[in-house]
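A short write-up of the structure that comes next.
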Amino acid sequence: MTKEMRPSHRIDVLTDALLHYGKKTSDKIEVLIVERLQKAQQTEKDAERDLRNLCECISSQPVDMESVWLWQAEEAQYFENELIN
């Protein structure tokens, strides 16, 4: 696209480019969604494994997930209070 194009032709070129990009994107959306789902599931498994390992290492007594959720809620409340003050 050049600045010497007529405005109507420039709009036509831009429209064609957007239609082409939209078609390519819609053609690949199924594969993209499946890949992202698989990556998210693997990330979730890795995070759960790492959290279990961390909970086993940080304390002589085992830490359960409810304790972790309680800590998370307490931390969120603390930072919420810090932002207000």
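FYI, it's all coordinate maths here, none of it is from the lab. Quick caveat, the model's predicted, so the values are computed rather than measured.
For the range 11-53, the square roots a ≥ b ≥ c of the C-alpha gyration tensor eigenvalues yield an a/c of 1.5 or more together with a/b exceeding b/c, which makes the shape prolate.
As I understand it, the value is the acute angle between the Cα axis of helix 65-84 and the longest principal axis of the Cα atoms of the chain; what does it come to in degrees, rounded to 10? That helix lies at roughly 70 degrees to the long axis.
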